[in-house]
Amino acid sequence: MVRWGIVGKQATLQSDQIPRFENPTFALDTLGVQNQIIASARRGQLEEVTDSIPLDVPTCISLNLEDLKCFEVVEHQYEQWGVIFQNSLAIQPSNPAFPTKSGVTVLMGSPKSGFLEASFLRPVNWVSTCVTSSQRLVLSAYNCDRQLLCQTILPGANLANSDSSLSPNLLLSVAAKNIHTITFCAFDGQFTIDEFRFCV
């Protein structure tokens with residue numbers, strides 16, 4: 001089911017169909033991205049990497065969650081890379097229903113269940129992540145005035161070892177000019193995110 005909505009002067013397309021990328025690398029290539037940086041939560045890496053990248057080349061930042069400790073509250077660890085999280089906790093899932101996509105660490109919404117927010121210090125044009133959720137989840141992107149730019153919807157649960165037709169760690173993304181904030185919302189549910197990337 002597809003719905004059109006008007007937000008301010010901007011039309012947005014909302015769909016209950018899951019966007020599928022057969023090859024996530026191809027999805028990046030369509031944006032003209034030539035550089036991808038694996039961003040560490042440790043200090044000091046930023047200067048080494050950014051000195052070697054031309055400023056006019058589109059660049060994607062992929063967060064290395066493996067630097068985080070289990071049960072570490074995640075807020076400003078990646079601020080040097082341009083993103084700040086709210087209501088976010090690093091975990092190493094023991095529940096097999098929430099498998100990781102890569103490595104052993106993922107982010108989940110906590111202490112408020114079913115919600116996570118990421119704010120970008122400079123506007124970005126594309127954000128993607130792999131999501132596993134216990135129920136329907138909405139990924140929303142907003143501009144600097146908190147006006148909705150676009151949404152992607154995971155229409156139902158995609159837990160591992162369940163009867164869901166949706167696979168766990170499904171790739172969701174939003175693309176729009178001047179994204180300042182994104183939110184993940186699974187009302188009264190639990191979800192994890194892995195392989196969090198954004199492009200500037």
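The values are calculated or read from the model by the stated rules, or taken from the named source; none is laboratory data. Predicted model, so just to flag it, every value in this text is computed and none were measured. Ideal geometry is used to build each Cβ from the backbone, glycine not excepted, and the neighbour counts take in all protein chains shown.
Report yes if Ser15 is modelled with pLDDT under 85, of a type in the set (Gly, Ala, Ser) and under 24 Å from Val174 (Cβ atoms), otherwise no. Yes: the conditions hold for Ser15. The sole residue among Asp194, Asp188, Asp163 that is touching a residue at least 24 places away in the same chain (Cβ under 8 Å) and over 22 Å from Leu63 (Cα atoms) is Asp188.
Scanning the range 78-120 for residues that are within 19 Å of Asn158 (Cβ to Cβ) and touching a Leu at 6+ places or on another chain (Cβ under 6 Å) yields Ala97, Met108, Gly109. Could you check, for the range 50-63, whether at least one of its residues is at pLDDT 90 or above and under 26 Å from Pro155 (Cα atoms)? Yes: the range 50-63 contains one or more residues that are at pLDDT 90 or above and under 26 Å from Pro155 (Cα atoms).
Scanning the range 90-116 for residues that are surrounded by fewer than 20 Cβ atoms within 10 Å (Cβ to Cβ) and within 23 Å of Thr59 (Cβ to Cβ) yields Lys101, Ser102, Gly103. Just one of (1) under 15 Å from the mean Cα position of the chain (by Cα); (2) at pLDDT 95 or above fails for Ser110. It is (1). Inspect the range 115-135 for any residue being among the polar types (S, T, N, Q) and at pLDDT below 95 and give the result as yes or no. The answer is no; no qualifying residue exists.
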